[in-house]
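Beneath this line is the structure, given in C-alpha cells, with notes to follow.
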Amino acid sequence: MKNVLLLGATGSIGESVLSVISQNKESLNLFGVSFNKNILRYQEILKEHSPDYVYIDDHDSFKSLCNNDKEKYLNGDEELENLINKDDVDIIVCATSGFAGLKTAYIASMTGKKILLANKESIVAGGDLILPLAKENNSEIIPIDSEHNAIFQCLSGEKGTEDVKGITITASGGPFINTSIKELKHVTIEEALNHPNWKMGSKVTIDSATLVNKCLELIEAKYLFDLDEQYFDLVIHPQSVIHSIVTFVDGSSICQMSAPDMKVPIAHALSNENRLSIDFNNLDFNNLNLSFQKFPSDRMEIQNIAREVCNKGGFLGTVFNAANEIAVESFLNKEINFDKIYEVIYRTFDKNILSNNVSIETINEVDAQTRIQAKKVVKSFA
C-alpha cells in the first residue's frame, strides 16, 4: 500500500488522480490533500476518501474547518512543509495550478520521495532550481502531463536519452487551430474554453487555445529530459491520440497513444512494478483517422520565445510564465480581447533579465515584478 499526498486536490488533475486511487484502493491510499478554498469540492471528496491530513491554503477557509479537528486541518508554510516531509508519505502529487505550485514543488524536490508532477509552471519558472535539488536529494520526478509522460514511457528501457535523435511533442491546437490571430479579436470566453478534446481547468484550456501551453511544455521537456531545445519539434495533432513521439538514432520512432484522458498518464505514474487497472476508452483502430499539421506561422513568435527560454534559462522562464498568467487572467476577467494575450506576453518579456543567482526568493521577486509590468501593459489597452 502506497500513501499518496495530493497537492491541489480540488482541480481537474486532482479529480483524475482521485479517480485512479478510487479504482485501485487495494494498492493506493489517499493519505493527505491540499486545496485553496473550494470547500464544497473538498466535501465531495470526503464522501469517498478519508485523508489523515488536509492542508488549506486560504486562511478563512481553514478557520471554517479547523474546529472540526485541529490535528487534521493544517494551514501556514511550516505546516505545509511538515506535511510534505512526513515519513508516511510515499508519493507526492504536485497538481496545484499555475505559479502557485512552485512552493510545493520546491519543498517536494528536497524530500527524496517519488514526485508526480502536473504543474509545468513550476518547472518553467524554476527549472534551474527544482531539477538540481531533486537530483541532489534523490527525488524521482515523474511527469503526468500527457505529453511528457508519453516521452517518459517511450524512453522506458532505454539508456537515458543518449540514443535519441529527436522528440515530437503533439498539440491538439485547441478550438482555434485553423483561425489566424487577426480573426480572434472578438472570440468569447465560452468559445475559448470549449476545447474539442480535453476537459481541463480554465487557465490551461486558454493556454491550449493560444498554443502557449505547448510552448510551456517545450520548456518543461527541456528540463525534465535534459536535452537542448533543438531536439524537440512541436506538431499539431487535432485528434489528441498520439501524445509524443521519440525518434532514435537508428531511425526507429516510438509513440505513446491513448484516448485523451488524464487518468491514463496518472495511472502509469502511480504504478509500481505492474500497471494499474482503470476504466478507459478503447481506441478503435479500425476507424481511427489521424492527421498532423505544422505549428501555425502566426504563433511562431511565441514558440521562439520558449526556445530562447530553453537556451538562456535563468529568470526568463519566470518572466514568460508570469506574463502569460496575467494575460490569461485579464482575458478571463474581460479586461482584454483574446488576441491581446500574445501582445501582453511580447511586450512584457524582457530578454535582459539574465542571472545565475536563481533561488526561491529571487524567482518570487522576478515573478512579482513581471506581474506588475504585465498589468501595466494590460492597462495600456484600455
Tabulated pairs, region 331-347, first modelled with pLDDT of 95 or more, second of a type in the set (S, T, N, Q) and surrounded by fewer than 17 Cβ atoms within 10 Å (Cβ to Cβ), C-beta under 8 angstrom, 6+ apart or interchain: Phe331/Asn337; Leu332/Ser202
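Within region 204-212, is even one residue within 20 Å of Ile141 (Cα to Cα) and at pLDDT 95 or above?
No - not one qualifying residue is present in region 204-212.
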Qualifying residue in region 132-140 (condition: touching a helix residue (DSSP H, G or I) at 6+ places or on another chain (Cβ under 8 Å), closer than 20 Å to Glu361 by Cα and not assigned by TED's automatic domain parsing to the domain that holds Ser244): yes
Check on Lys182, among the charged types (D, E, K, R) and surrounded by fewer than 20 Cβ atoms within 10 Å (Cβ to Cβ): yes
Which listed residue is on the phi > 0 side of the Ramachandran plot and under 15 Å from the mean Cα position of the chain (by Cα), from Leu218, Leu211, Leu224: Leu211
Count - residues of region 341-357 that are surrounded by fewer than 20 Cβ atoms within 10 Å (Cβ to Cβ) and of a type outside the set (Ser, Thr, Tyr): 9
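The values are calculated or read from the model by the stated rules, or taken from the named source; none is laboratory data. In this text the structure is predicted, and so the values were computed from the model without any measurement. Methodologically, a virtual Cβ is constructed for each residue, glycine included, from the backbone with ideal geometry; neighbour enumeration extends over all protein chains shown.
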